[in-house]
Amino acid sequence: MKEVTIILSRDNEILERWMKTYSGLIFTICHSMTGDYFQSEDLAQETFVSAYRAMGSFDGKNEKAWLVKIATNKCRDYLKSSARRSVPTEDQVFDTLRDTAPLPEEEAVNEELSQRLARLCDSLREPYRTVATEYFIHRKHPKQIAQEMQTNVKTVQTQFYRARAMLQKLWKEEQL
Amino acid sequence: MNHLQIESHMTEEQLLRMCKRAATPEEMDRFLEHIAGCDRCAKRMAEIFEEGPMLEVTPMFYESVRREIEQTSEERQIVTLPRTVRKTAAKQAVAVKQEHTPRAFRSYPFKVVLAACVTLVLMNAGAFGAYMGRPTQRNDFLDKSTMPLERISRQWMDTSQRWNDIMEGELSI
């Protein structure tokens, strides 16, 4: 059991390093492929979970490329399943064709993303609006939010998960 | 050139169109399928994204990943370990559970037996009499419910007595 503990400890260190180094890249790739902010976060998390589980099969040569390959697989599976769930409307087809035109700079796209997130957070009712804004826009951890709101951490976490679910639904509705 | 066609590796133009979401759904599927199996194109795709601004993950991202791994890792450990190690791990898990379980829960069977004994004592002492109604009402009910049985047994007794008397010559048929 001691040997297993040592192996697990080493694997955890590798995972922490991967997440610290590549989480932004993987998240950006997933968002670029799917266009869904919340879904892309889920896919990015699933990428690291799968990478951890498959660590034994990694040859150690190019970890960045390996993680990117896992992420693209996840995105591909998601796009296939969401394509099966919804038949694209005529507008969606034209939107796809319009995408071939020159796109704005990446900074403007990220700015647009932030504005859209802020708008969606603002559309929620309290206390979800405050929790969502503090978390997604101001990047505060639920523990910090709980301290500032002088409330229980568990309460804030519950509110956060509900807010996230509502935002995800609103995001999808806007996409359609 | 057919945009869906990929030679041994993706062209720069194909990669850029994919990264900028300028590809059709069919192209996207082909491109992603290729990248999922090609180190070189995956590496190049990462480089393209790294040239621009990248999104920042949310504060609970790392925790969510660790939580997901922890929830499933225990099961996987036990399944993938050798049998002897699994048995030891299972015994250790039971010992840890018992250590953390309050003594009260471990004496649950004793509590059940104790409760049953107390109930019997109370019943014999008549503590539940109030819930069974007034004694006269109870007796009436019992009397009425046993009447048919008594009648039948009386009839049998009378009949058997009569036959007995006949056999002994005291009564004529």
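The values are calculated or read from the model by the stated rules, or taken from the named source; none is laboratory data. Bear in mind that the values here come from a model prediction, so they are computed numbers and not experimental data. Glycine also receives a Cβ, built like all others from the backbone with ideal geometry; neighbour counts cover every protein chain displayed.
State the number of residues belonging to the stretch A:29-68 that are more than 10 Å from the chain's Cα centre (by Cα), facing chain B (nearest Cβ under 9 Å) and without any contact (Cβ under 8 Å) to a residue 24 or more places away in the chain. Result for the stretch A:29-68: 7.
The listed residues are A:LEU97, A:LEU117, A:LEU103, and the only one of them that is within 12 Å of another protein chain (Cβ to nearest Cβ), assigned to a helix (DSSP H, G or I) and at pLDDT below 65 turns out to be A:LEU97. Annotation note: of B:ALA89, B:ALA42, the sole residue that is at pLDDT below 90, facing another protein chain (nearest Cβ under 7 Å) and assigned to a helix (DSSP H, G or I) is B:ALA89. Candidates are the residues of the stretch A:69-83 that are farther than 22 Å from B:ILE48 by Cα and not acidic (Asp, Glu); the one that is farthest from the other protein chains (Cβ to nearest Cβ) is A:SER81.
Annotation note: of B:GLU13, B:GLU26, the sole residue that is free of Cβ contacts under 8 Å to residues at least 24 places away in the same chain, more than 9 Å from chain A (Cβ to nearest Cβ) and within 45 Å of the chain's Cα centre (by Cα) is B:GLU26. Remark: pairs (first residue in the stretch A:147-176, farther than 16 Å from A:TYR128 by Cβ; second residue surrounded by fewer than 16 Cβ atoms within 10 Å (Cβ to Cβ) and hydrophobic (A, V, I, L, M, F, W, C); Cβ separation under 8 Å; 6+ apart in sequence or on different chains) are absent. For the stretch A:108-146, the tally of residues that are in contact (Cβ under 8 Å) with a residue 60 or more places away in the chain and over 16 Å from the mean Cα position of the chain (by Cα) stands at 0.
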